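The values are calculated or read from the model by the stated rules, or taken from the named source; none is laboratory data. Please read these numbers as outputs of a predicted model, since none were measured by experiment. Note that we place each Cβ from the backbone using ideal geometry, even for glycine, and neighbour counts take in every protein chain shown.
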Amino acid sequence: MEDAAVVPARIEELAAEYARLWPLMPVLHARIARLAGKEAIRSCARRLGMLSRQGGRSGIVFAHELEAEIFQDYLIYMHRPHGISPVRQLCNRRPYPPGSDEHTLLAGMVQARFSLFWIREVHPAGGFVALDVIRGGHFFILDRSLPQQDAVGLLSAFRIFPFREAWMHTGANMVFGTIGDSAGMQPAGRVLDSKEERAVNEEHIRRWRALLGEMA
């Protein structure tokens, strides 16, 4: 059954705005990633086991093309050497005027958090309802592709941030399979601090990479 407290009353309007703004996300992510710098990239690659040294030089090695998006997502949201992530750095510089689309997105992106979600139901109008397996609670997340698929029961890890009366995700998505019945699924009820969130993010990246390796 639909949860009236979760599903927005104006899904179509929100979905239309989401569709208009979504193309700005990779543009913003690319700009934010440039703020991170080479040392940040090496540090994140080292933590994720993606750093390789050959001929006295180090570089990032992706075993699968999907890993590049996951790495960038971790870099711009989780790299916080002084408690400030690259996405927060860009927001603090106030490069976009208040009320602009970019400003609206950044205001939400600095509140982004990572978790593991179970998709309870999809809404073809433009989103899905997901259970937060770590924190608990259901969230309506705007999306264009999953509602067109047989995605109910999907277990996936990604990062969400608030947008209007709903939520958006950052785009980097790690799928772990499908669970048909959530009756026995009890959320941990954990509200993660920044260090715990990074550890959980890294744990899921390791598991996801191992799963990709098994499927290769």
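Give the residue, chosen from F161, F117, that is within 18 Å of the chain's Cα centre (by Cα), farther than 24 Å from A33 by Cα and modelled with pLDDT of 95 or more.
Details: F161 fails: farther than 24 Å from A33 by Cα.
Just one listed residue meets the conditions, F117.
Answer yes or no as to whether A183 is in contact with a helix residue (DSSP H, G or I) (Cβ under 8 Å, 6 or more places away or on another chain) and either modelled with pLDDT of 90 or more or not β-branched (V, I, T) (or both).
The answer is no for A183.
Look at R120 and say whether it is surrounded by 14 or more Cβ atoms within 10 Å (Cβ to Cβ), touching a strand residue (DSSP E or B) at 6+ places or on another chain (Cβ under 6 Å) and either under 26 Å from P147 (Cα atoms) or among the β-branched types (V, I, T) (or both).
Considered against the rule, which asks whether it is surrounded by 14 or more Cβ atoms within 10 Å (Cβ to Cβ), touching a strand residue (DSSP E or B) at 6+ places or on another chain (Cβ under 6 Å) and either under 26 Å from P147 (Cα atoms) or among the β-branched types (V, I, T) (or both), R120 comes out as yes.
Where residues in segment 130-146 are within 19 Å of E17 (Cβ to Cβ) and in contact with an Asp or Glu (Cβ under 9 Å, 6 or more places away or on another chain), which of them is surrounded by the most Cβ atoms within 10 Å (Cβ to Cβ)?
L142
Considering (1) touching a helix residue (DSSP H, G or I) at 6+ places or on another chain (Cβ under 7 Å); (2) over 21 Å from Y74 (Cβ atoms), say which one M168 fails and leave the rest.
Here M168 meets the rest and fails (2).
Might you check whether a residue that is of a type in the set (V, I, T), surrounded by 20 or more Cβ atoms within 10 Å (Cβ to Cβ) and touching a Ser or Thr at 6+ places or on another chain (Cβ under 8 Å) occurs anywhere in segment 169-183?
The answer is no, given that none of the residues of segment 169-183 is of a type in the set (V, I, T), surrounded by 20 or more Cβ atoms within 10 Å (Cβ to Cβ) and touching a Ser or Thr at 6+ places or on another chain (Cβ under 8 Å).
Of the residues that sit in segment 33-57 and are small (G, A, S) and within 20 Å of S85 (Cα to Cα), which one is nearest to the chain's Cα centre (by Cα)?
Looking only at segment 33-57, we keep the residues that are small (G, A, S), and these are 33, 36-37, 40, 43, 45, 49, 52, 55-56.
With within 20 Å of S85 (Cα to Cα) added as a condition, the list becomes 33, 36-37, 40, 43, 45.
On the way: A33: 15, A36: 18, G37: 21, A40: 19, S43: 20, A45: 18 Å.
The selected residue is A33.
Of all residues in segment 147-162, which are under 18 Å from P8 (Cα atoms) and surrounded by fewer than 21 Cβ atoms within 10 Å (Cβ to Cβ)?
P147, F161, P162
Please go through segment 189-211 and give me each residue that is exposed (fewer than 14 other Cβ atoms within 10 Å of the Cβ) and closer than 17 Å to V61 by Cβ, ordered by number.
Scanning segment 189-211 gives R206, A210.
Here are the criteria: (1) farther than 28 Å from F140 by Cα; (2) assigned to a helix (DSSP H, G or I); (3) of a type in the set (K, R). Tell me which single one R53 does not satisfy.
Of everything listed in (1) farther than 28 Å from F140 by Cα; (2) assigned to a helix (DSSP H, G or I); (3) of a type in the set (K, R), R53 misses just condition (2).
So in segment 58-78, with the set limited to residues that are touching a Ser or Thr at 6+ places or on another chain (Cβ under 6 Å) and modelled with pLDDT of 95 or more, which one is surrounded by the fewest Cβ atoms within 10 Å (Cβ to Cβ)?
Checked segment 58-78; the qualifying residue surrounded by the fewest Cβ atoms within 10 Å (Cβ to Cβ) is D73.
Report yes if G59 is part of a loop (DSSP other than H, G, I, E, B) and not hydrophobic (A, V, I, L, M, F, W, C), otherwise no.
Details: part of a loop (DSSP other than H, G, I, E, B): no; not hydrophobic (A, V, I, L, M, F, W, C): yes.
No, not satisfied.
Are any of the residues in segment 103-114 outside any helix (DSSP H, G or I), under 25 Å from L211 (Cβ atoms) and of a type in the set (K, R)?
Yes, segment 103-114 contains a residue that is outside any helix (DSSP H, G or I), under 25 Å from L211 (Cβ atoms) and of a type in the set (K, R).
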